[in-house]
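I have placed the structure first, in the form of structure tokens, so that the comments after it can refer back to it.
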Amino acid sequence: MNPSRNLFLIGPTGAGKTSIGRRLAAHYGLPFVDLDQEIERHTGVEVSRVFELEGEAGFRRRESALLDALSARAGVLLATGAGAVLDPLNREHLAGRGYVLWLDATVTLQLERLARDTKRPLLAGEDREAKLEAMAVIREPLYREIADLAIPAGREDVPAASLRCIELLDQHWKRQHNA
């Protein structure tokens, strides 16, 4: 949505939403909010524990409630969880309340970046590649549906990737400043 006060980051697990999001927030002078970290702050436990106790459905309910509240703010950079786009109402809130930047990453790149990660419940167990491929089939069309701008992940480090995002955002995002 242009113009917009808010910048929302969507994309698959391991695309860099949190690391790049922090740098973009600092650059644009916006408070940074990571949706998964907010869920942990509100519940007092890690996301994996929420999944263990409430299942994915319980986690998604919490995620949707917080996404609604956080996306309604004026002047925020919100990094969503990879699956936040699964809920149609979440997609509506994101598309209608901010500029949506899709940080895309191939499954190969995700596997490299997540090689030592053991905290993501949907990747637990065997055959991470098959799991990531299955998620991509479902989620990529949803990312595409609401993205104002898509930026494919490269192999550069976080500072270089962040600068590339800033250059593209400056060309496309008509930032509306808070009054």
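Quick note: the coordinates plus some simple rules give every number you see, no bench work behind them. Note that this is a predicted model, so its numbers are computed, not measured. Note that each Cβ is placed from the backbone with ideal geometry, even for glycine, and that neighbours are counted across all protein chains shown.
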Contour minus end-to-end for E129 and S48, with contour as 0.36 nm per residue of separation and end-to-end as the Cα-Cα distance?
-> 27.2 nm
Rel. contact order, % - alpha carbon contacts under 8 angstrom, at least six apart, region 7-172 = 33
In deg cm²/dmol and to the nearest 500, what is the mean residue ellipticity at 222 nm of the chain if only DSSP H runs of at least 4 residues count, each as -39500 (n - 2.57), divided by the residue total?
-> -17500 deg cm²/dmol
State the answer as a single residue: which of G75, L111, L35 lies farthest towards the positive end of the charge dipole of region 7-172, with beta carbon charges of +1 for Lys and Arg and -1 for Asp and Glu, about the Cα centre.
-> G75
Residues of region 22-36 with amide N under 14 Å of the 7 Å Cα→Cβ point at R73 | 22, 25-26, 29-36
Starting from the Cα gyration tensor of the chain, take the square roots of the eigenvalues, sort them a ≥ b ≥ c, and report rounded, prolate or oblate (rounded when a/c is under 1.5, otherwise prolate if a/b is larger than b/c, else oblate).
-> oblate
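Can you put W173, W102 in order of Cβ neighbours within 10 angstrom, beginning with the fewest?
The fewest-first ordering by Cβ neighbours comes to W173, W102.
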Residue separation between L111 and D157 times 0.36 nm, minus their alpha-carbon distance, gives in nm 14.9 nm
Fewest-first ranking of K131, K174, K17, using other Cβ atoms within 10 Å as the exposure measure = K174, K131, K17
Please provide three numbers in whole Å: the alpha-carbon extents of region 47-110 along the principal axes, with the largest listed first.
-> 33, 32, 19
